[in-house]
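K.L.:
The structure's right below; bear with me while I get my questions together.
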Amino acid sequence: MQTFLMLHGVNHNMFGKRDPKQYGTVTLAQIDAQIAALAKELGVGVVSYQTNSEADMCERIHKGFLDNVDGVLLNAGAWTHYSYAIRDAVELFDVPVVEVHLSNIDQREEWRRKSVISDLTAKRVIGKGPDGYREALTYLARNE
């Protein structure tokens, strides 16, 4: 069975409370539950991980690499825009990585428009809210 790693970045534990205009009212637990249900439908496995620690995120990426995951859904949050440590860790993967963002970062503040990881990704899904995760998982499951 294919197994995919879903990584949630900094402040994602506050989904549902943080800036509902940008991020909606869905919680991280609800996103994880929706993706787990879709994974079951697709016949794949998904391991979800969230942290507010950049070092812990790098360690989890390393573990995913060593575990030979089949693909990665990555919403690095604010780290997307400046974390070369996370970029270097993501660069280890030789499997597809899909960059996901609930909001359309290309139409937000200037500093949010830069992604230091986008050139490492097979696909970007932005501005589609929680459905973006569904699109990303479906892409990975069907393109392996």
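The values are calculated or read from the model by the stated rules, or taken from the named source; none is laboratory data. Being a predicted model, the structure only gives us computed values, none of them experimental. For neighbour counting, all protein chains shown are included, and Cβ atoms are generated from backbone atoms with ideal geometry for every residue, glycine included.
K.L.:
State all residues of the stretch 37-69 that are surrounded by 15 or more Cβ atoms within 10 Å (Cβ to Cβ) and free of Cβ contacts under 8 Å to residues at least 40 places away in the same chain; if no residue qualifies, say none.
P.N.:
Cys58, Phe65, listed by residue number.
K.L.:
Right, another one. Among the residues in the stretch 24-41, are any in contact with a Leu (Cβ under 9 Å, 6 or more places away or on another chain) and at pLDDT below 95?
P.N.:
So far as the stretch 24-41 goes, yes, one or more of its residues are in contact with a Leu (Cβ under 9 Å, 6 or more places away or on another chain) and at pLDDT below 95.
K.L.:
Out of Asn68, Asn75, Asn104, which single residue is out of contact with any helix residue (DSSP H, G or I) (no Cβ under 8 Å at 6 or more places or on another chain) and within 15 Å of Leu140 (Cβ to Cβ)? Steps first, please.
P.N.:
Numbers: Asn75 fails: out of contact with any helix residue (DSSP H, G or I) (no Cβ under 8 Å at 6 or more places or on another chain); Asn104 fails: within 15 Å of Leu140 (Cβ to Cβ).
One residue alone meets the criteria, Asn68.
K.L.:
Let me ask another. Which residues, counting only those in the stretch 20-76, are touching a Lys or Arg at 6+ places or on another chain (Cβ under 6 Å) and either of a type in the set (Lys, Arg) or in a strand (DSSP E or B) (or both)?
P.N.:
Across the stretch 20-76, the qualifying residue is only Tyr49.
K.L.:
Okay, moving on. Considering only the stretch 122-131, how many residues are at pLDDT 95 or above and either in contact with a His (Cβ under 6 Å, 6 or more places away or on another chain) or not charged (D, E, K, R) (or both)?
P.N.:
Residues meeting the conditions: 2.
K.L.:
In the stretch 70-105, what residues are farther than 19 Å from Gln2 by Cβ, touching a residue at least 40 places away in the same chain (Cβ under 8 Å), surrounded by 23 or more Cβ atoms within 10 Å (Cβ to Cβ) and within 9 Å of the chain's Cα centre (by Cα)?
P.N.:
Within the stretch 70-105, Asn75, Ala76 meet the criteria.
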